[in-house]
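Below: one structure in C-alpha cells.
Every read-out reported here was derived from the displayed coordinates using simple, explicitly stated rules and does not represent laboratory data. Bear in mind the structure is a predicted one, so any value in this text is a computation, not a measurement. Note that we place each Cβ from the backbone using ideal geometry, even for glycine, and neighbour counts take in every protein chain shown.
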Amino acid sequence: MRTVLAIAAATAVGLCACGPADPKPAPVSGNPLRDELVMLVGPDALDCGFVLVGTDPANAWSCAESAVENATPHWFAIQFEGVDSDVWQASMLTSAGQRFILKYDSNYMGGPGLMPRFSRDTCNGRVVLTQLRTQPGVELQCSRR
C-alpha cells in the first residue's frame, strides 16, 4: 500500500512539474501590423512609430538609426498609398541582431473582406530609406553593405 501511495504521490508531483508554464500572452492591440511587429521583435522593442502616408519620416528614421547604433531591438513602419487597402513597410531589428523589412497589405486580393498578407525580407546589411522612383515619398530597402 505504501508503494502505491508513493508512486501516486511521485506521479502527481511529476505531473505538476511537467505541466506547461503559463505563457504570457502577447498583447493584442487590434492593429494587425503592430501585433505582427510585436510578435516578431518582442514587446520590449523600441517603438519608433508609424509614419502615415505623406508625412515626414525623419523622426522615426532618426529613432531607428539611433537604435541600430546602440544595437537596440526596434521597429518603425511607413504607410504607402494603397488602392483599396492599407499598405505598409516596416523596418525591424531583433534582439538577436537580425534585420528585416516587413511588408503588409491589409487586403491584397481587393474586394470585400479582410485578407491581410505579410511578407518579410531578411537584410544582411543595414536597412536604408530611399526615395521612390515613380512618385514622391520614400521606401525601405536592404542595403548590400
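The conditions are (1) over 15 Å from Glu139 (Cα atoms); (2) loosely packed, with under 15 Cβ neighbours inside 10 Å, and Cys48 fails exactly one of them. Which is it?
Among (1) over 15 Å from Glu139 (Cα atoms); (2) loosely packed, with under 15 Cβ neighbours inside 10 Å, Cys48 violates only (2).
I've got another one for you. Got at least one residue in the range 47-68 being of a type in the set (Ser, Thr, Tyr), in contact with a helix residue (DSSP H, G or I) (Cβ under 6 Å, 6 or more places away or on another chain) and within 23 Å of Gly30 (Cβ to Cβ)?
From the range 47-68, those of a type in the set (Ser, Thr, Tyr) are 55, 62, 66; that's our starting set.
From what is left, the residues that are in contact with a helix residue (DSSP H, G or I) (Cβ under 6 Å, 6 or more places away or on another chain) are none.
Checked the range 47-68: no residue is of a type in the set (Ser, Thr, Tyr), in contact with a helix residue (DSSP H, G or I) (Cβ under 6 Å, 6 or more places away or on another chain) and within 23 Å of Gly30 (Cβ to Cβ).
Which condition number in (1) of a type in the set (D, E, K, R); (2) under 15 Å from Ile101 (Cβ atoms); (3) surrounded by fewer than 18 Cβ atoms within 10 Å (Cβ to Cβ) is the one that Glu81 fails?
The failed condition is (2).
Check whether at least one residue in the range 103-115 is under 15 Å from Val41 (Cα atoms) and surrounded by 15 or more Cβ atoms within 10 Å (Cβ to Cβ), and report yes or no. Break it down into steps so the answer makes sense when it comes.
Keep residues of the range 103-115 that are under 15 Å from Val41 (Cα atoms), which gives 103.
Narrowing the set further to residues that are surrounded by 15 or more Cβ atoms within 10 Å (Cβ to Cβ) leaves 103.
There is at least one residue in the range 103-115 that is under 15 Å from Val41 (Cα atoms) and surrounded by 15 or more Cβ atoms within 10 Å (Cβ to Cβ).
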